[in-house]
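Report on one structure; see the data block that follows.
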Amino acid sequence: MLSLKKRILKIQKDRNFFLVMTLLLCSPLAVYGNSKKIYRADRRMGDRFYIASRLQRIFGAESSKTLEENILSKVRAFGGACSPYNVISEFQKEGKKRINHHTKYRCYSGLADSKVEPFIDAGILRTGHLHKTCDLLVAKQQTYQFAINLAGLGSNSAKSDSNLKKMLRLFYPHSKKLPLALKKVKNPSWKLILSSLCKSDYWQIP
Amino acid sequence: MKTGFWVPVLLFLAIGSITLYLKDSNQSQARVTTSHSIDLSKESPQYQKVFKILETSCNHCHSSYAGYSEASWVITGQVIPGNPQRSYLYYHLRGSETGGAESMPPKKALSKEELRVLAEWIRGLSKGLAKMPASFSLPKTLAKKINPALTLTEEEVYFRCHSQFSRSAPDSEDQLLAKVKKGLLSSVDACLQLLKNATFNSKSDSISNSIRRTFHGLHNSWFNNFLLFNLQASFPSYDVLDITGPALYFTKSLFSSDFNFNQILSGNQNLRAVRSQEVANDYFIYKKESSEMRLSQHGFFVGKEKNKSRKNWNPNFVARGNLLDIKALKADSKDLLPLYLDQTDSYLAKIFKGPLNIRQNLGGGLIGSQSFLLFNHGRELGETMDGGLLLPRRWSKMVFSNLLCRELPLLRKVDVIKDIQKKSDISFRKQASCLQCHSSIDPLAAAARQMTAVASSDHPDGYTQHIRLHSSNPKLGNGKLLVDSDTSYHLRPPHGRLRYRNLYGKLVESSFQNMQELGQRLLEQDDLYICTAKRYLYFLTGIDVAVEDYSTQLKSYDPISLEYIRFLIFLGKRLKQHQNLSYLIKDIVSSDLYRQRDYQIYASD
């Protein structure tokens, strides 16, 4: 049996030990404890309508079929709900048929497309469709030429700082800060430059 | 591919480390609709003096100020504690020497002494948070700093909101853009102007059409529609009943000047979209263009084949084309079903004589609308509610999840112990763990007890689904709210109870006599407003903040989470004050978060 005094001492020691341990254990815990994340940060990409409209402006009217096939109809890759009633049906005299005019806002694969997310963060699907689209648009002479002309360049324009800036302006028309460190360019073709800009994620985030 | 060039290009918008500072927006546009008087004796002595000044010099024009407590000024963002210079209220005052608007009051300026009292009061306000409901206060978060390198210019902010609202970039002719460039208009005002241009009474240019389409599509994506994924689905229904029905309420509120946010949950009107082309439809909306099933050959049917009552039916169609307006739907004779069935099986179906008005609404605006009831009734065709197993619980669940952003269970064990009915025949009335959900959804579902889902005919492709509302008979008395089975349940007055823990962890227990009152009960809480803020915040920034009972885990959230919660509550409370969805958008667009190139915020170390 311990004497009463000793017992008190021991309890005090225990208590000190307990205190020290609490401090030791709980300080990292306190940091870890403050770590419940209540949010998800998706990259706020533009939806299929935004992407198609931006690219159409850059590559011209000739791009519309490519964009319809590879962007607008890929509802679940890019997001952007359809509008079920955005179809217009009217009587036309062509062979006494009624013609149903569909707008690009129609539901491509059924009414459930009206419930998709307003945008979908970059994913394999999205990236794949976009890359394909960019390759097609740059490969096609009319659309490529349209973009080059819009930028105020020609295929043989020098790869100068100011010309590169013109190209960047296609995708970033309102950004104040454009990169100046473009000197080290090892002479890639304008096609390559255009397609790489087209494939980059940044312009897709409005 | 050589990387020499690509690195700078791709790093062009490179993301540095920034910290967040969510600005308590200093551009208040509080359009207060109600003005309760406050209990002045409960306020600080300093504020009592301020209140007197406002009372004599301002309240005859700003009647809402009479209802402002000290906390209201902070919560609505019109006063920044500790900083008179940045406080909207103060920098509007003539002679405040803040460089602000300094236009108030229009005629007689406040005296130097009065100005001093106001400034003293604001300076002395605790820098802590706006007052939260009792037992709920957010811990202070770390100091924050801003990295100006990632802050957008005014022009870029306008480019951003234009791109998001219309899903196209502004073109070079854009007049608002020109004004923003010249510094004649702030980006925030330009963004707000875009929304104003899209209001329903203004003329419809293509940008306005796009903006309406964007927001209506967004609103529509918030609502579940179980019918769409149900075996009993009758797709032709969507040519008679707008599949975007619930969203119409939000869209109307955003684009009509005479439809405040709180009207979304009040009144007994169904809404009707006016669209650009109201020509006859020649194919079902759910069919592709090549469909062989044309309406002119096929159409809609009422009645039953077996007893030879089946015949063509010519209902009012949902309009097609671009959205031009949203109006109250007034039923006409074409909206009356002469016959209807309790199921679609030709042999078993019982036939009922109409007329059944397919445009009825139970009250409470959206929650009692035909579309919200039909898409989420969750019952078999023909079932009448008995208060026990038979209740529209799916509908209750959707009220919580679609409108309040809350998922079940919404009660704690201690809240439901008293609900346990040991002798009940119904399994979930006997156990606390079940009641944590069922004590919320069952008494809520009582509000929709009058509904029964029915079909127009037994034609395999040409039938539509509708909600029949039994008229209630007060003579039957209220009866018990939660019974095992009551054959008159659907005919009794639709009283019920809203029971859940709100996002501050407070137990809400309020009774209602009908759907309209339930709508009002929901409007009294903050959840609906904060849920709406959450959804717009996600749309505008990609930040998706979960809404839950924050009170139980307040200490464990990371600092950025706390900032977001704080911001959401701030936005929601302001929406509750101004009742205006475009101001909510404005509040988000004017936040520092929206102006960060990558929409990211970081805690400082």
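Extending 7 Å from Cα along the Cβ direction at B:Phe229 and again at B:Ser401 yields two label points whose distance is 0.8 nm.
Computed in the context of the full set of protein chains, the accessible area of the range B:226-523 at 1.4 Å probe radius has 49% of its extent on carbon or sulfur.
Note on B:534-542: average number of Cβ atoms from other chains within 10 Å of each residue's Cβ is 3. By the Cβ-Cβ criterion of under 4.7 Å, the unpaired cysteines of chain B are B:Cys58, B:Cys61, B:Cys434, B:Cys437. Between B:Lys475 and B:Glu154, the contour length at 0.36 nm per residue exceeds the alpha carbon distance by 109.1 nm. Of the residues making up the range A:190-206, those losing 10 Å² or more of accessible area when the isolated chain is joined by the remaining protein chains, with a 1.4 Å probe, are A:Leu192, A:Ile193, A:Ser196, A:Leu197, A:Ser200, A:Tyr202, A:Ile205, A:Pro206. Fully extending the segment from B:Ser172 to B:Ser424, taken as 0.36 nm per residue of separation minus the present Cα-Cα distance, adds 83.7 nm.
At a Förster radius of 30 Å, what calculated FRET efficiency corresponds to the Cβ-Cβ distance of B:Asp39 and B:Ser257, to the nearest 0.05? The value I calculate is 0.35.
Computed over the Cα atoms of the range B:530-605, the ratio of the radius of gyration to the Kirkwood radius (Rg/Rh) comes to 0.96.
A quarter of the convex hull surface defined by the alpha-carbon atoms of the range B:453-603 gives 14.6 nm² as the mean projection.
Can you tell me the relative contact order of the range B:226-523? Whole percent, Cα pairs under 8 Å, sequence separation 6 or more. About 20 percent, as a whole number. May I ask you to list the residues of the range B:375-396 whose amide nitrogen lies under 20 Å from a point 7 Å from Cα along the Cα→beta-carbon direction of B:Leu408? The answer is B:375-381, B:383-396. Stretching B:Lys311 away from B:Glu380 to a fully extended chain increases their span by 22.4 nm, per 0.36 nm per residue minus the current alpha-carbon distance.
In chain B, the longest principal axis of the Cα atoms and the axis of helix B:154-166 are about 0 degrees apart. The mean number of partner chain beta-carbon atoms within 10 angstrom of a residue's beta-carbon across peptide A:164-172 is 1.
Computed over the range B:376-452, the quotient of the alpha carbon radius of gyration and 2.2 N^0.38 Å is 1.09. Please check which bits of the range B:255-272 a label hung off B:Asp332 would reach, taking the label as a point 7 Å along Cα-to-C-beta and the cut-off as backbone N under 18 Å. Taking a point 7 Å out along Cα→Cβ of B:Asp332, the residues of the range B:255-272 whose backbone N falls under 18 Å are B:270-272. Surface listing: B:Glu173, B:Glu305, B:Glu509, B:Glu383 arranged by accessible area from highest to lowest gives B:Glu173, B:Glu305, B:Glu509, B:Glu383, probe 1.4 Å. Ligands, DNA and RNA excluded, the heavy atoms of B:Phe200 present near 20 Å² of accessible surface to a 1.4 Å solvent probe. Label separation (A:Gln145 vs B:Tyr347): 7.1 nm, computed from points 7 Å beyond Cα along the C-beta direction. Here is the list for the range B:346-402: chymotrypsin sites (Phe, Trp or Tyr not before Pro) lying in DSSP coil, each with at most 11 other C-beta atoms within 10 angstrom of its C-beta, are B:Tyr347. The A-B contact accounts for roughly 6200 square angstrom of buried accessible surface, both chains included, probe 1.4 angstrom. Taking amide H positions as modeled 1.01 Å from N, with prolines and chain starts lacking one, no residue 5 or more places away or on another chain lies under 5 Å from B:Tyr599.
Amide H contacts under 5 Å for A:Val116: A:Cys82, restricted to partners 5 or more places along the chain or on a different chain, H placed in the peptide plane at 1.01 Å from N.
Its convex hull of Cα atoms gives chain B a direction-averaged projected area, equal to a quarter of the hull surface, of 34.8 nm². Remark on the range B:226-523: hydrodynamic radius 20.2 angstrom, per the Kirkwood mean of 1/r across alpha carbon pairs.
The values are calculated or read from the model by the stated rules, or taken from the named source; none is laboratory data. Everything numeric here is computed off the predicted structure, so don't read it as measured data. Neighbour counts run over all protein chains shown; Cβ positions are idealised from the backbone, glycine included. The accessibility values were calculated without ligands, DNA or RNA, using every heavy atom of the protein model including side chains. Shrake-Rupley method; radii C 1.70, N 1.55, O 1.52, S 1.80 Å.
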